[in-house]
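One structure is given here, and the rest of the page talks about it.
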Amino acid sequence: MIVAIDGPAGSGKSTVARIIARDCRLSFLDTGAMYRTVTWACLERGVDLSRDEDIAAVARDIVITFGATATGQTVACDGADVTDAIRTAEVDRNVSRVSAVPAVREAMVAQQRALSQAGDVVAEGRDIGTVVFPNADVKVFLVASAESRARRRAIQRAGGNAATGNVVDVDKSEFQQILADIVRRDELDSSRDASPLRAAADAVTIDTSDLTLDEVVGRVHDLVDQVGGAR
């Protein structure tokens, strides 16, 4: 079984996908982390992000692998752990630019499809249901207001987790910066030529703005159950 969960930045894709994968005994494929890893590698190597060919060369050169620990999934680039390094504000600001390069998406889609060959997966991203796995058994498109997504990201940066109720105070100026970044990323992701952010025609859209994590997970579980997914 393949479950595709798409949506804009901060809509809850990764959190929901991890839970569905765990509950349904499926592999979790964090495609967003893959694009973040390419972005991180470009920044580390001092690549000029205005040069598509140089960005694409990095995407084709690096090897991205996933691992698991007691605290969650890990991400490695050429064997080096980059789990935390790819979640910085600098990567946030540049990942849409990097992921808009057609050759980068081509390289990542090939890796994503190869990873899925190991078995059933829950994959999250921005083009899973439209490009990577157009024949996925379940397609979900999560949305939320830009303000609610920025709040979640700000809480995460401050060491909390809005999804689990671990809410902490956030800096107002940082919240405004995160909000501006999210609005900008939405525009870039939706208007890019290669695999723009959009819901597949047969995807079920769920607005997570005012839903609890349990409510969102419950709705996705219902969709999985309808096609015979096991828990």
Once Rh is set to the Kirkwood radius over Cα pairs, what Stokes-Einstein translational diffusion coefficient, in µm²/s, holds for segment 1-136 at a temperature of 20 °C and a viscosity of 1.002 mPa s?
-> 143 µm²/s
Hydrodynamic radius (Kirkwood) for segment 147-193, which is based on Cα pairs only, to one decimal in Å = 11.1 Å
Can you send over the solvent-accessible area of residue 66, 1.4 Å probe, protein chains only, in Å² to the nearest 10?
-> 60 Å²
With all protein chains modelled, accessible area of residue 23 [1.4 Å, Å²] = 40 Å²
Using r as the Cβ-Cβ distance of residue 202 and residue 171, and R0 as 41 Å, what FRET efficiency do you calculate, to the nearest 0.05?
-> 0.50
Under a 5 Å amide H to amide H cut-off, with H placed in plane at 1.01 Å, what residues pair with residue 206 once short-range neighbours are removed?
-> 141, 142, 143
Share of pairwise Cα separations in the chain, more than 34 Å, in percent | 8 percent
Per-residue accessible area for residue 187 at 1.4 Å probe radius, Å² rounded to 10?
-> 120 Å²
Just subtract the alpha-carbon distance of residue 135 and residue 193 from 0.36 nm times their residue separation and send over the number in nm, one decimal.
-> 18.7 nm
Highest-MSF residue in the chain out of 85, 201, 158 [GNM, Cα springs under 10 Å] | 201
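Using just the alpha carbons, could you tell me how many Å³ per residue the convex hull of segment 4-62 encloses? Could the numbers behind the result be given before it?
On the way: hull volume 6.3 nm³, N = 59.
It comes to 107 Å³ per residue, whole-number rounded.
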Environment charge of residue 1, counting only residues whose C-beta is closer than 9 Å and scoring Lys/Arg +1, Asp/Glu -1 = -2
Carbon and sulfur atoms account, in whole percent of the 1.4 Å probe accessible area of the chain, for 48 percent
Amide H neighbours of residue 161 under 5 Å, counting only residues 5+ apart in sequence or on other chains, H built in-plane at 1.01 Å?
-> 166, 167, 168
Using the Karplus equation 6.51 cos²θ - 1.76 cosθ + 1.60 (θ = phi - 60°), what ³J(HN,Hα) coupling, rounded to whole Hz, does each residue of segment 132-149 give in order, writing x for Gly and Pro?
-> 5, 10, x, 9, 4, 5, 10, 10, 10, 10, 8, 10, 6, 4, 4, 5, 5, 5
How far is the Cα center of segment 154-231 from the Cα center of segment 21-40, in Å?
-> 15 Å
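What does the highest-first list of 207-213, 176-182 look like by mean Cβ count within 10 Å? All intermediate terms of the calculation are to be shown ahead of the outcome.
Details: 207-213: 15.0, 176-182: 17.7.
So the peptides 207-213, 176-182, ranked by packing, come out 176-182, 207-213.
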May I ask you to give the solvent-accessible area per residue for segment 1-146, in square angstrom, as obtained with a 1.4 angstrom probe?
-> 39 Å²
As a percent rounded to 5, the proportion of antiparallel DSSP bridges among beta bridges in the chain is 35 percent
Taking the chain and counting helices only, DSSP H stretches of n ≥ 4 at -39,500 (n - 2.57) each over all residues, the nearest-500 ellipticity at 222 nm comes to -15000 deg cm²/dmol
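The values are calculated or read from the model by the stated rules, or taken from the named source; none is laboratory data. Fair warning: this is a prediction, and the values are worked out from it, not measured in the lab. As a convention, Cβ positions derive from the backbone with ideal geometry for all residues, glycine included, and neighbour counts pool all protein chains shown. Protein only, heavy atoms only, side chains kept; ligands, DNA and RNA dropped before computing areas. Shrake-Rupley method; radii C 1.70, N 1.55, O 1.52, S 1.80 Å.
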